[in-house]
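Derivation of every value follows stated rules applied to the coordinates shown; laboratory data play no part. In this text the structure is predicted, and so the values were computed from the model without any measurement. Cβ sites come from the backbone with ideal geometry, for glycine too, and all protein chains shown count toward neighbours.
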Amino acid sequence: MSDFELLDPSGLPVGGGTGANGTADDPLVDGLNPAQARAVTTRGPALLIVAGAGSGKTRVLTHRIAHLIREREAWPSQILAITFTNKAAAEMRERIEGLLGDASQGMWVSTFHSACVRILRREAERFGYVSGFTIYDSADSRALLKRIIKELDADTYGFTPANSGSKISKLKNELVDAATHAATMNENDPRERLFVEIFRMYEQELKRANAFDFDDLIGQTVHLFRSHPDVAAIYQRRFRHILVDEYQDTNHAQYSLIRELTRPIEPEEVERLVPPARERELDASGRIPAASLTVVGDSDQSIYAFRGADIRNIVEFERDFSGAEVVKLEQNYRSTQNILSAANAVIGNNFDRQEKRLWTSEGDGERIVGFTGYSQHDEARFVAEEIEDLHRAGVAYSDIAVFYRTNSQTRALEELLIRSAIPYRVLGGTKFYERAEVKDAMAYLTSIANPYDPIAWSRLLGAPKRGVGAMAEAHLANFQEANGLSFHEAMLRAEEVTAIGPKIRATVRGLGEMLVRASRMAAGGGATDVAGEDAVPAPVGDVMKLVLDETDMIEKLRAKRDPQDDARAENLEELLAVAREFDVKQPGAGLLAFLTEVSLVAAADDLDDSSGTVSLMTMHTAKGLEFAAVFITGVEEGLLPHQMSVDEIGGINEERRLMYVGITRARERLYLTLASTRATFGDVSVAMPSRFLQEIPEGLIDWRQSPGEVTGRGGTASRALNAPRSPGSNGSWSRTRTDSTVSFSGGGGGSGSAAVSEPASGNMQSALDKWRERKRLAKEAQASGGGFPNLVDGSVRDNGDLELATGDRIRHDEYGDGRVTGISGSGTKRIAHVVFDTVGERKLLVKLAPIEKVVE
DNA sequence: GCGAAGTATTCGCGG
DNA sequence: AATACTTCGC
């Protein structure tokens, strides 16, 4: 242990013992280690707190804020603290209130998105939006993109709502809008021009709908600040201390937002301030100085590059914000040394990082447990059994978590947990608010708040089924647009749309009247139009009740036979309960606040510490959380690291950080599990152990069943736990099967090899390499055997107006020669039906298929 | 316009 | 393997 203590930089004589400079009896500083104390008391324009996992950063942040307020350096209202989830925000607020009592009223503690919505709702009118704007989630964005792509016929070029959506999201995270992107694109590429058109229409439609997507929330706030310095000045003046948690996962837009908020206010803007600036707000040159910025982060835990997080934000912080000070927290108060050693070993393989080692003074603890099942089912069984054992040993279910890389891994786990009667809950995944029936009901509320939203309107028209279909919808939408009406107004005047049958016209008008009535109620006009009634907005629960009653949604579901519909009906009742609960928690907050809250819930927000259940979640969701016992499942090549990451620049390193995040969530017990076969796309394939397992010193892992011990379908070769394994040096060993040799260094139980040598021995390496080689060959064989035709190569083919007729001979890159037996479709979607000489009949998109005509 | 039946696609992580 | 989308008959 003493070895590790030498690594503690904060132990060096900087502050000299606990409690720096005259703060000896300060409850906000007492009990902190010297580095933490410095992080709390340091003042200046900018501070970077490099906080390793479990180093007490939340404590430091809350104490720093409390310290600022208590020392009268700031009013609570001058503090803006940004956290990663709403739950973390609520927790932080609570802890600060615990330290200060009521003195903390008025702070902004929220996520980036929540803070921006708050600002945008306040300032929307200044730039062409209305305060009641809708926030589109990714499903809404995709619905909108789907319409646009259809209209532009862009699907034949391979554009889908999903791929164009993620491309737009990436650009927005870089603060690039359609016009800017158009200026930088390659004009000669028709695909790029088409994309710009999609992007442009998407922006236009969002604006027409009075809606923002998730990325807009940040980007438009930055845009607002840049185009309206007077608005920016309001917030620059107000927030004197800005603190950002998880800074390593901020993207460019978020970074820019922070930059805007920490700009000094120039004298000409100072003059326009209302109320006028006081003398003591100004510096010598007549400016209001920049707010003080504190960021907390750990570049080793940056795991959101895929949504634009830029690790440079934290790496270059000191260069970026002049006068920045840095405090490093490396002492870990969470995990045992064995867990930390594993974490250090894994992350140490990332060459592009600053050296940093977590340490603890708490002792080694238990060894990490490893297990390899022969299938994911077998793996899940082990997890369930171990959870039972842990629970019997006194570990609370709520202190146990199971992590995985992809959401699809939950199925096998859930199955076994149900069978074992272990209470669990899945965080994220198919969320409550993403369920179809819940989205249906929410569409009514969204439309009530924003009658210009076409996505919500279109959704509510069809749910429940009432005979209003695509035709009627299109006619109404035309009428709405032509007359510049809201969708509600258009519905009230449905009688004028003669293209629709009279029965449906009446249905639509009735529905419109209901929506208008609900809108008036939600706005405070009262549902009954009684003159003189106070303009008090109705509780959200009442509006929801009105919608559910009038549409009969619940009863219609109950009337169906399908048992799943009963569950759907219950979900709607649950939704009503959620709305009522919201009314109690935030009386008078109104419909908009409810919609905002629902839009911005994150996966980790569902976590309820008192639920008494085991938590299942992805490793991304697990960031910032901790549990006594953690299972990391599916530690296999192709899954962790994920296959998709292998070809990405820095992809493996990011996966390694993800592994590091997962490991460091564990306090006492860590389990690493995998399966030797895994079902994907319906068929079963061989899975190899993750390279990250190799990176953990073998002495740290107690293999209950190592990868080499698992034979194929036949189950296991040996269930004996910790059976000392034969010969082989360093506790590695091998098993011979009839067809091939499979070996893996398994640190076979307690065979005592204490050699914690980092580099794998040549023997183990080659064994793993052989395994990989075998797998690679199998893959290639499958691919060349026709299993994966038409592999995407990135280039876009265009046969132009290749004329094909029945009877023509053609040659296909993959299928060889064949004869056209028919042509269907038209324009860009023309399809050739071809019977190939070797592979039989195929349908091909004439425009894009890799074919050429053969002259006979 | 709606449901059933057949067909294509997906399983990468999230606010 | 399971879901999402399309096509077809009423």
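With label points built 7 Å along Cα→Cβ from the Cα atoms of A:Thr160 and A:Val274, find their separation and express it in nm.
According to this spin-label approximation, the distance is 5.1 nm.
Only four residue types carry charge here, +1 at the Cβ of Lys and Arg and -1 at the Cβ of Asp and Glu. Report the dipole size of segment A:196-246 about the Cα centre in Debye, rounded to the nearest 20.
400 debye
For segment A:67-121, with the dipole built from +1 on Lys and Arg beta-carbon atoms and -1 on Asp and Glu ones, taken about the Cα centre, which of A:Ala88, A:Leu120, A:Leu99 lies farthest toward the positive end?
Farthest along the dipole direction, towards plus: A:Leu120.
What residues qualify as long-range amide H neighbours of A:Leu243, i.e. H under 5 Å apart, gap of 5 or more or another chain, H built at 1.01 Å from N?
Counting only residues 5 or more places away or on other chains, the set is A:Leu80, A:Ala81, A:Ile82, A:Thr294.
Would you kindly derive the ³J(HN,Hα) couplings of segment A:197-206 from the backbone phi angles with the Karplus curve 6.51 cos²θ - 1.76 cosθ + 1.60 (θ = phi - 60°), listing them in order in whole Hz, with x for Gly and Pro?
5, 4, 4, 4, 5, 4, 4, 5, 5, 4
What residue among A:Ala441, A:Pro423, A:Gly462 has its Cα farthest toward the positive end of the dipole of segment A:420-465, where the charges are +1 on Lys, Arg and -1 on Asp, Glu, each on the Cβ?
A:Pro423
Assigning unit charges at the beta carbon (Lys, Arg +1; Asp, Glu -1) and nothing else, what dipole magnitude in debye, to the nearest 20, does segment A:94-249 show about its Cα centre?
About 360 debye.
Taking amide H positions as placed 1.01 Å from N in the peptide plane, with prolines and chain starts having none, which residues 5 or more places from A:Val326, or on another chain, fall under 5 Å of its amide H?
A:Leu48
Just going by the charge dipole of segment A:239-377, with Lys and Arg at +1 and Asp and Glu at -1 on Cβ, which of A:Ala277, A:Ile339, A:Ile242 is farthest out on the positive end?
The Cα lying farthest towards the positive end belongs to A:Ile339.
Filter the cross-link list A:Lys87/A:Lys167; A:Lys465/A:Lys556; A:Lys167/A:Lys439; A:Lys439/A:Lys623; A:Lys146/A:Lys503 down to pairs whose alpha-carbon distance in this structure exceeds 18 Å. Intermediate results must be reported in sequence, preceding the final value.
Working: A:Lys87/A:Lys167 29 Å; A:Lys465/A:Lys556 10 Å; A:Lys167/A:Lys439 25 Å; A:Lys439/A:Lys623 28 Å; A:Lys146/A:Lys503 30 Å.
Those over the limit are A:Lys87/A:Lys167; A:Lys167/A:Lys439; A:Lys439/A:Lys623; A:Lys146/A:Lys503.
If I stretch the segment between A:Asp320 and A:Glu574 completely, what's the gain in nm (0.36 nm per residue apart, minus their alpha carbon distance), one decimal?
Extending this stretch completely gives an extra 86.6 nm.
Find how much the distance from A:Asp177 to A:Ala523 grows on full extension, using 0.36 nm per residue of separation minus their present alpha carbon separation; answer in nm with one decimal.
121.2 nm
For segment A:355-455, which GluC sites (Glu not before Pro) pass both filters: DSSP loop (anything but H, G, I, E, B) and at most 15 other C-beta atoms within 10 Å?
Answer in residue order: A:Glu355, A:Glu366.
With r as the distance between the Cβ atoms of A:Lys207 and A:Ala593 and R0 = 30 Å, compute the FRET efficiency 1/(1 + (r/R0)^6) and round to 0.05.
0.85
With r as the distance between the Cβ atoms of A:Arg819 and A:Asp608 and R0 = 56 Å, compute the FRET efficiency 1/(1 + (r/R0)^6) and round to 0.05.
My answer for the efficiency is 0.30.
For the pair A:Asp102/A:Thr406, report the inter-label distance in nm, with labels modelled 7 Å from Cα in the Cβ direction.
The answer from the label model is 5.5 nm.
Compute the label zone of A:Ser227 within segment A:248-277: residues whose backbone N is under 20 Å from the point 7 Å along Cα-to-Cβ.
Once the point is set 7 Å along Cα→Cβ of A:Ser227, A:253-261 turn out to lie under 20 Å by backbone N, inside segment A:248-277.
How many nm separate the modelled label positions at A:Lys465 and A:Glu366, each set 7 Å beyond the Cα in the direction of the Cβ?
Rounded to a tenth, the inter-label distance reads 5.3 nm.
In segment A:232-254, which residues have a backbone nitrogen under 19 Å from the label point lying 7 Å from A:Leu282's Cα in the Cα-to-Cβ direction?
Label zone hits: A:233-238.
Calculate, for A:Lys556 and A:Arg126, the FRET efficiency according to 1/(1 + (r/R0)^6) with r their C-beta to C-beta distance and R0 41 Å; round to the nearest 0.05.
Given R0 = 41 Å and the Cβ-Cβ separation, E is 0.40.
Regarding segment A:131-183, what are the three Cα extents along the principal axes, ordered largest first, in Å?
37, 27, 15
Could you tell me which trypsin sites (Lys or Arg not before Pro) in segment A:18-106 are loop residues by DSSP with no more than 10 other beta carbons within 10 angstrom of their beta carbon?
Details: sites: A:Arg38, A:Arg43, A:Lys57, A:Arg59, A:Arg64, A:Arg70, A:Arg72, A:Lys87, A:Arg93, A:Arg95; in loops: A:Arg43, A:Arg72.
Counting only loop positions with at most 10 other Cβ atoms within 10 Å, the trypsin sites (Lys or Arg not before Pro) in segment A:18-106 are A:Arg72.
Please state the charge dipole magnitude for segment A:283-370, taken about the Cα centre, from unit charges on C-beta atoms (+1 on K and R, -1 on D and E), reported in debye and rounded to the nearest 20.
140 debye
Run the paramagnetic zone check for A:Leu152: 7 angstrom along Cα to Cβ, then residues of segment A:186-214 with backbone nitrogen under 12 Å.
A:190-205
Taking amide hydrogens as modeled 1.01 Å from N in the peptide plane, which residues meet the under 5 Å criterion relative to A:Met688, leaving out close sequence neighbours?
HN-HN under 5 Å from A:Met688: A:Glu637.
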